[in-house]
Amino acid sequence: MINVNSILTASGIPSKKTKFQSPPKNASYAVWFDGVTLVGPDMRPAMLRQHDITIRVYEYKPDEAAETALEAALDAADVAWDRSDRDWLQEEQLYLTTYTFTFFEKRS
């Protein structure tokens, strides 16, 4: 199973699952989410869990080093990932880059 916390720790980006109560000031940070879908044949217990992971990287200014570090950590974990274009969040005064990937976990 893929450990999202380990990937984010390896990237060096401060991160939390779902919400940062007090985000770092003047440093990039990440918030991640894990959507789970049970997958299996009809009339049988689901045999797989599909994890749809979203990692949102918030930046006070464009931070190529943070993005490169996260991408290297994802690559090192053998994760096939997608990245959105960087967006400007006017209300929050932050940049946002979103990474997504999916993996499956076999249920016993």
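On the given criteria, is ASP63 within 20 Å of LYS106 (Cβ to Cβ) and of a type in the set (D, E, K, R)?
Criteria not met by ASP63.
For the subset of region 40-61 comprising residues that are among the basic types (Lys, Arg) and surrounded by 12 or more Cβ atoms within 10 Å (Cβ to Cβ), which member is modelled with the lowest pLDDT?
Quick first cut of region 40-61, residues among the basic types (Lys, Arg) only: 44, 49, 56, 61.
Keeping just the survivors that are surrounded by 12 or more Cβ atoms within 10 Å (Cβ to Cβ) gives 49, 56.
Values: ARG49: 88, ARG56: 98.
Out of the qualifying residues, it is ARG49.
Consider GLU64 carefully, then state whether it is surrounded by 12 or more Cβ atoms within 10 Å (Cβ to Cβ), farther than 16 Å from PHE101 by Cβ and among the charged types (D, E, K, R).
Working: surrounded by 12 or more Cβ atoms within 10 Å (Cβ to Cβ): no; farther than 16 Å from PHE101 by Cβ: yes; among the charged types (D, E, K, R): yes.
Criteria not met by GLU64.
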| field | Qualifying strands (runs of 3 or more DSSP E) (wholly inside the chain; at least 2 residues being in contact (Cβ under 8 Å) with a residue 12 or more places away in the chain and of a type in the set (A, V, I, L, M)) | value | 29-39, 48-59, 94-106
| request: Please tell me if GLY35 is closer than 24 Å to ALA77 by Cα and either among the charged types (D, E, K, R) or out of contact with any helix residue (DSSP H, G or I) (no Cβ under 6 Å at 6 or more places or on another chain) (or both). | output: yes
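The values are calculated or read from the model by the stated rules, or taken from the named source; none is laboratory data. Nothing here was measured: the structure is a model prediction, and the numbers come from that model. Using ideal geometry, Cβ is built from the backbone for each residue, glycine included, and neighbour counts are taken over all protein chains shown.
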